[in-house]
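Coordinate-derived values only; no laboratory data. Not measured: the values here are computed from a predicted model. Glycine also receives a Cβ, built like all others from the backbone with ideal geometry; neighbour counts cover every protein chain displayed.
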Amino acid sequence: MNIEFKKIEIDDEIKKKMESLTNSPEISIKFYNGYITKFKKSNVESISPHKILLSNPLKNLLIMHYADYIENDDLYFIDGEKQPLTITKLRDYVKNYF
């Protein structure tokens, strides 16, 4: 079976939103592009979300974002949270986390 990977670039607007979450120089942000995995000769695809890593010397927070690949593209996912977060709720989450 042939497998094809297609990289999905993180939009600059998403990067700006993430950079606005914190004003602390101690918190670094790294962006990892998502990708689509296509299984050739089938109708099966898998989407790997964008990953945004916020970190300081003591803690790391991984945020996942599917961008335009889900119905509401303003939702952010954090492992262990039952519900996705909007950017407003994510801002509060980040302030409380760090």
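Mind giving me the FRET efficiency for residue 78 and residue 6? R0 is 25 Å, r the Cβ-Cβ distance, nearest 0.05 is fine. Don't skip to the answer; put the middle values down first.
On the way: r = 25 Å, r/R0 = 1.01.
Between residue 78 and residue 6 the formula returns 0.50.
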Can you give the FRET efficiency for residue 88 and residue 40, using 1/(1 + (r/R0)^6), R0 = 41 Å, r = Cβ-Cβ distance, to the nearest 0.05? 0.50
Cα-Cα over 28 Å, subset of 17/40; 30/95; 15/89; 38/89; 16/95: 17/40; 38/89
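Give me the extension gain from residue 31 to residue 97: residue separation times 0.36 nm, minus the current Cα-Cα distance, reported in nm with one decimal. Please report the intermediate quantities before stating the final value.
On the way: separation 66, 0.36 × 66 = 23.76 nm, distance 1.89 nm.
21.9 nm is the gain from fully extending residue 31 to residue 97.
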Calculate one ³J(HN,Hα) per residue across segment 25-33 by plugging θ = phi - 60° into the Karplus curve 6.51 cos²θ - 1.76 cosθ + 1.60, and present them in order as whole Hz with x for glycine and proline. x, 6, 9, 9, 10, 10, 10, 10, 5
Mean residue ellipticity at 222 nm from the helices of the chain, using -39,500 (n - 2.57) per DSSP H segment of n ≥ 4 over the full residue count, to the nearest 500 deg cm²/dmol? -5500 deg cm²/dmol
Length gained if residue 58 through residue 24 is fully extended, taking 0.36 nm per residue and subtracting the Cα-Cα distance, is 10.9 nm
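How large is the dipole of segment 3-97 about the Cα centre if only Lys and Arg carry +1 and Asp and Glu carry -1, each at its Cβ, rounded to the nearest 20 debye?
300 debye
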Tabulate in residue order the Karplus-calculated ³J(HN,Hα) for segment 44-55, using 6.51 cos²θ - 1.76 cosθ + 1.60 with θ = phi - 60°, rounded to whole Hz; enter x for Gly and Pro. 9, 9, 10, 10, 9, x, 5, 10, 10, 10, 9, 8
